[in-house]
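Written below as structure tokens is the structure these notes are about.
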Amino acid sequence: MLENAALVLMAQSESALMLLGIALVLAGFMVGLITRRGATLSLRRVPYFIWSAVVFALVSAAPFAWLLSFEAMQNDILWTLVALVFGSIFVAGFFFGVLGHARSVNAYGDAGKAWMAIVPLFNLLLLFKGPQDWEQSSFKAIALNALGSIFGLCLLVLGVGIEHIATEQSLALASRIENDPEFISRSIAASIRRKGLEATLLDMATDVPSRRIDESTILKRVENEGTTLRYVYEVSADTPSLSASTSIALVNQVCGDAILHQLIEAGGTLEFVYLHDDGTKADTVAVTPGSCGL
């Protein structure tokens, strides 16, 4: 069940995953504020900046975990990897809440302005707001603060670089496994369990583009009708009807295909319709569960 949920989550759009990440950060932030309610721990500007940069740099490395997604999927532990990545986002939000609470106590005397830590631009106001017990700093303190600020900036730059590299590598991996038969097979199986056969076939029909198969055959479109997935081909007028041996070979090929076989096993029918370029029907081959001995 958890593995199927992980596959479904992985299949979501980039924007949906981004919204989920934002929601987890906000949830973690709120939990951080709640757990620190009434606390008096305070952070001055430079320590707050450094610790915030540390959290940012660490969470920026989380996308590297996606590089293990294919191996995790093969071992049925993808859900663990997904929980690790999204859990780290929640934890980052939690620590931002704790840090924001401490900075607000230092700058304003209470945690009333801690929300500024999670809001762009306002977080800069929270960062630069002087402490309530401000006093003239010594040369040593100024030097240490300068070094601390440089260290924090280095951590921020490091975090941005790590995030960029991790994202690029994750996208490269995604493009590699997108056409991997095992990944597709597992994704389809999860879709059938979650949405049902008809909705899964509808999704598949929508995703298949028109393309040329060979010199005389063009895949025009893929249609969905109930539990039937229909491939419509256009062939030249002089193309003969399929011979019995060719039809049998096509049926055997479909039944032996791991991806298509699970559609048939779920009760689906795959229909291959061949039309001449003038619209007349040349041939039709239907592969049903009975055709595959199911």
Yes/no for G97 being farther than 30 Å from R186 by Cβ and either among the aromatic types (F, W, Y) or touching a Gly at 6+ places or on another chain (Cβ under 7 Å) (or both)
yes
Given the conditions (1) part of a loop (DSSP other than H, G, I, E, B); (2) open to solvent by 80 Å² or more (accessible area, probe 1.4 Å); (3) not basic (K, R), every one holds for L26 apart from (1)
Considering only strands (runs of 3 or more DSSP E) wholly within region 211-294, the ones with at least 2 residues that are of a type outside the set (D, E, K, R) and surrounded by 13 or more Cβ atoms within 10 Å (Cβ to Cβ) are 217-225, 228-235, 269-276, 281-287
Selection status of L2, free of Cβ contacts under 8 Å to residues at least 40 places away in the same chain, surrounded by fewer than 19 Cβ atoms within 10 Å (Cβ to Cβ) and of a type in the set (A, V, I, L, M, F, W, C): no
I165: passes all of (1) at pLDDT 90 or above; (2) hydrophobic (A, V, I, L, M, F, W, C); (3) open to solvent by 60 Å² or more (accessible area, probe 1.4 Å); (4) closer than 30 Å to A72 by Cβ but (1)
Per the filter on region 248-283, residues among the hydroxyl-bearing types (S, T, Y) and under 17 Å from I213 (Cα atoms) are Y274
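Going by the structure shown, is P181 at pLDDT below 80, farther than 30 Å from L67 by Cα, open to solvent by 60 Å² or more (accessible area, probe 1.4 Å) and not aliphatic (A, V, I, L, M)?
No, not satisfied.
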Among residues of region 42-62 being farther than 14 Å from E163 by Cβ and of a type in the set (S, T, N, Q), the residue most open to solvent (accessible area, probe 1.4 Å) is S42
Note on region 77-112: residues crowded, with 24+ Cβ neighbours inside 10 Å and of a type in the set (D, E, K, R) are R103
Okay, helices (runs of 4 or more DSSP H) sitting entirely in region 33-123 with 3 or more residues that are aromatic (F, W, Y), I get 45-60, 78-108
Sole miss for D76 among (1) touching an Asp or Glu at 6+ places or on another chain (Cβ under 6 Å); (2) free of Cβ contacts under 8 Å to residues at least 24 places away in the same chain is condition (2)
Out of (1) among the hydrophobic types (A, V, I, L, M, F, W, C); (2) over 32 Å from the mean Cα position of the chain (by Cα); (3) open to solvent by 80 Å² or more (accessible area, probe 1.4 Å), the one L126 does not meet is (3)
Screening L67, L33 for residues that are over 24 Å from I150 (Cα atoms), modelled with pLDDT under 90 and open to solvent by less than 70 Å² (accessible area, probe 1.4 Å) leaves only L67
Taking region 196-210 and the residues there that are polar (S, T, N, Q) and under 19 Å from V8 (Cβ atoms), the one that is surrounded by the fewest Cβ atoms within 10 Å (Cβ to Cβ) would be T206
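Would you mind stating whether P240 is of a type outside the set (D, E, K, R), under 20 Å from A189 (Cα atoms) and over 32 Å from the mean Cα position of the chain (by Cα)?
On the way: of a type outside the set (D, E, K, R): yes; under 20 Å from A189 (Cα atoms): no; over 32 Å from the mean Cα position of the chain (by Cα): yes.
It is false that P240 is of a type outside the set (D, E, K, R), under 20 Å from A189 (Cα atoms) and over 32 Å from the mean Cα position of the chain (by Cα).
The values are calculated or read from the model by the stated rules, or taken from the named source; none is laboratory data. The model shown is predicted, which means the values in this text are computed figures rather than measured ones. All Cβ positions, glycine included, derive from the backbone under ideal geometry; neighbour counts span all protein chains shown. Ligands, DNA and RNA are stripped out before the accessible areas are found, and what is left, the full protein with its side chains, is counted by its heavy atoms. Shrake-Rupley method; radii C 1.70, N 1.55, O 1.52, S 1.80 Å.
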